[in-house]
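Enquirer: Attaching a single structure in structure tokens format; questions to follow.
The values are calculated or read from the model by the stated rules, or taken from the named source; none is laboratory data. For clarity, every value in this text was computed on a predicted model and none was experimentally measured. Backbone-built Cβ (ideal geometry, glycine too); neighbour counts: all protein chains shown.
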Amino acid sequence: MWPRNERQRLAAARVGGRIAALLGGLALMLAGLGGAAAATPAPLDTPMEASMNQAHSDALLYWQSSHDFAGTLAHLRGALADKGIRIFAEIDQAAAAADSGLTMPATVLILFGNPKAGTPVMLQHPLASVELPLRLVVRQAGDGSVRVDYLDTARLLERDYGVDDALLAPLARVPALLKAATTAN
């Protein structure tokens with residue numbers, strides 16, 4: 001019967017709590033869709049620690065790119081392709097906002113991964129599927145700088161799902177790859 005041990009019970013409880021928090025946030029967002037408050041974003045340069053979900057706080061990595069917005073995207077695409085990592089989707093969140101009559105700085109969400117690395121994790125830990133594929137955001141800050149935000153999924157999978165280091169090794173190398181691609185000249 002699942003969960004089989006205390007570590008898995010704790011991981012399941014954390015995942016359940018995160019799912020409940022996400023559903024609660026979704027309900028609040030949907031309830032506010034018609035109001036002006038829902039269309040007023042927090043300032044882009046507000047310290048992220050003040051507003052981020054505590055479940056992800058130690059796994060959210062962010063840094064400033066040394067390239068402009070388009071250059072950052074190009075460097076990320078190239079670095080991922082060079083390592084055989086697929087980009088499954090790029091979502092232009094600023095364009096989606098514009099389609100809804102809202103404005104926001106340039107912001108693109110990238111979903112990426114390598115099924116050879118992710119599939120074994122999902123087979124051994126089916127609930128971990130909610131954390132994959134990997135994702136990052138490239139966003140233009142109010143001062144013109146470009147930020148990269150990356151959810152360190154390897155850290156989440158180890159901490160919240162009990163995934164062992166051997167399965168996580170390919171995922172653990174991703175933050176260094178992304179940072180090198182966006183901070184090198």
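Enquirer: Just checking, does segment 81-103 include any residue being within 16 Å of Leu61 (Cα to Cα) and in contact with a Lys or Arg (Cβ under 7 Å, 6 or more places away or on another chain)?
Expert: First pass over segment 81-103, keeping only residues within 16 Å of Leu61 (Cα to Cα): none.
No, the conditions are met nowhere in segment 81-103.
Enquirer: Being out of contact with any Asp or Glu (no Cβ under 8 Å at 6 or more places or on another chain), more than 30 Å from Ala166 (Cβ to Cβ), assigned by TED's automatic domain parsing to the domain that holds Phe88 and not hydrophobic (A, V, I, L, M, F, W, C), is that true of even one residue in segment 120-130?
Expert: No, the conditions are met nowhere in segment 120-130.
Enquirer: If only one of Asp99, Asp58 is charged (D, E, K, R), free of Cβ contacts under 8 Å to residues at least 12 places away in the same chain, more than 20 Å from Asp143 (Cα to Cα) and in the same structural domain as Leu171 (by TED's automatic domain parsing), which one is it? Can you show your working first?
Expert: On the way: Asp58 fails: free of Cβ contacts under 8 Å to residues at least 12 places away in the same chain.
Answer to the check: Asp99.
Enquirer: On to the next question. For segment 102-155, which strands (runs of 3 or more DSSP E) that fit wholly inside it have 2 or more residues that are buried (at least 18 other Cβ atoms within 10 Å of the Cβ), under 17 Å from the mean Cα position of the chain (by Cα) and in contact (Cβ under 8 Å) with a residue 60 or more places away in the chain? Don't jump to the end; show me each part of the working.
Expert: Values: elements: 107-113, 134-140, 146-151.
Of the strands (runs of 3 or more DSSP E) lying wholly inside segment 102-155, those with at least 2 residues that are buried (at least 18 other Cβ atoms within 10 Å of the Cβ), under 17 Å from the mean Cα position of the chain (by Cα) and in contact (Cβ under 8 Å) with a residue 60 or more places away in the chain span 134-140, 146-151.
Enquirer: Evaluate the following for Arg173: is it on the phi < 0 side of the Ramachandran plot, surrounded by fewer than 17 Cβ atoms within 10 Å (Cβ to Cβ) and touching a helix residue (DSSP H, G or I) at 6+ places or on another chain (Cβ under 8 Å)?
Expert: Numbers: on the phi < 0 side of the Ramachandran plot: yes; surrounded by fewer than 17 Cβ atoms within 10 Å (Cβ to Cβ): yes; touching a helix residue (DSSP H, G or I) at 6+ places or on another chain (Cβ under 8 Å): no.
No, not satisfied.
Enquirer: Has segment 80-92 got at least one residue that is at pLDDT below 95, assigned to a loop (DSSP other than H, G, I, E, B) and either crowded, with 19+ Cβ neighbours inside 10 Å or at positive phi (or both)? If you could, list the steps in order and put the result at the bottom.
Expert: Keep residues of segment 80-92 that are at pLDDT below 95, which gives none.
No, the conditions are met nowhere in segment 80-92.
Conditions (1) in contact with a helix residue (DSSP H, G or I) (Cβ under 6 Å, 6 or more places away or on another chain); (2) more than 28 Å from Glu158 (Cβ to Cβ); (3) modelled with pLDDT of 90 or more; (4) not in a loop (DSSP other than H, G, I, E, B), marked per residue:
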| site | (1), (2), (3), (4) |
| --- | --- |
| Leu26 | no, no, no, yes |
| Met29 | no, yes, no, yes |
| Thr46 | no, yes, no, no |
| Leu61 | yes, no, yes, yes |
| Gly71 | no, yes, yes, yes |
| Ala94 | no, yes, yes, yes |
